[in-house]
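The values are calculated or read from the model by the stated rules, or taken from the named source; none is laboratory data. Source: prediction; values computed, not measured. Cβ placement follows ideal geometry from the backbone for every residue including glycine, while neighbour counts extend to all protein chains displayed.
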Amino acid sequence: MEDVIKVCLVNRKDRESYERIEDINLENLVRNGGTLRFEGILYHDYAVVAKIKDRIVGYTLLAKNFFLDDDIYVMQIAVDNKFKGVGVGSAMYDYVEKHSKGFKHFTANVNKNNIASKCFHEKFGFSPFGEEGNTQYSYSKKVNAKKDFSDKEVYFYPIKKKEHESELSK
Ligand SMILES: CC(C)(COP(=O)(O)OP(=O)(O)OC[C@H]1O[C@@H](n2cnc3c(N)ncnc32)[C@H](O)[C@@H]1OP(=O)(O)O)[C@@H](O)C(=O)NCCC(=O)NCCS
């Protein structure tokens, strides 16, 4: 069977998955020079992961927004460097969009010098809102999901073709 991206929720007690999430988080922070290693990991409400060949290749941590009603907020999203650009981030956001029943908005803050993330959020239909912060853009899109996060189904997405060689060809 052809490889696919599988997206599902992670159980809070699934230590192995959280260790892999931390690895991807750390790999991305080293590359981007970030400092918020534990923020999302400690406080999120939902963790969504994407797997290829049963290995976690991306994650997003989400929280019910404390400041805005009816809002599901992205605390972190990151994709394994070797699997960027093949649709992993989009697959996870599509999953969130389909499972955010009860929420009206899906929001994220994006660092101003993070061009990949800015393009990614714009491509996914997020628009800027509110006042621009000093270092970040706030992005939001409307959602109207039929399912909530208690849905335990695994969702499947195709892997987009990427020009250069990746782990997928090994
Ligand atoms: C941002 C990020 C999550 C995107 O995930 P991804 O799986 O690589 O993205 P996808 O393959 O689903 O790409 C979807 C669209 O996003 C945009 N995009 C993704 N990476 C991009 C890049 N490096 N430059 C410009 N646009 C990019 C493109 O429009 C792309 O559509 P296309 O392939 O049809 O051109 C990923 O680059 C990442 O992990 N970055 C480091 C961590 C981070 O910055 N997180 C965001 C914090 S707010």
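Only one of the listed residues (VAL96, VAL154, VAL88) is closer than 18 Å to TYR59 by Cα and within 8 Å of the ligand (Cβ to nearest atom). That residue is VAL88. When restricted to residues that are outside any helix (DSSP H, G or I), in contact with a strand residue (DSSP E or B) (Cβ under 6 Å, 6 or more places away or on another chain) and of a type in the set (Val, Ile, Thr), the stretch 79-106 contains 1.
Within the stretch 99-124, residues that are more than 14 Å from THR60 (Cα to Cα) sit with their Cβ atoms under 8 Å from residues that are within 7 Å of the ligand (Cβ to nearest atom) and assigned to a loop (DSSP other than H, G, I, E, B), at 6+ positions apart or across chains, in these pairs: ALA116/LYS84. Would you call ASN109 in contact with a strand residue (DSSP E or B) (Cβ under 6 Å, 6 or more places away or on another chain), surrounded by fewer than 20 Cβ atoms within 10 Å (Cβ to Cβ) and farther than 19 Å from LYS160 by Cβ? Spelling it out, ASN109 is indeed in contact with a strand residue (DSSP E or B) (Cβ under 6 Å, 6 or more places away or on another chain), surrounded by fewer than 20 Cβ atoms within 10 Å (Cβ to Cβ) and farther than 19 Å from LYS160 by Cβ. The lone criterion from (1) at pLDDT below 75; (2) among the charged types (D, E, K, R); (3) surrounded by 17 or more Cβ atoms within 10 Å (Cβ to Cβ) left unmet by ARG20 is number (1). Considering only the stretch 60-78, I want to know if a residue exists there that is more than 17 Å from the chain's Cα centre (by Cα) and either outside any loop (DSSP other than H, G, I, E, B) or closer than 22 Å to SER17 by Cβ (or both). The answer is no, given that none of the residues of the stretch 60-78 is more than 17 Å from the chain's Cα centre (by Cα) and either outside any loop (DSSP other than H, G, I, E, B) or closer than 22 Å to SER17 by Cβ (or both).
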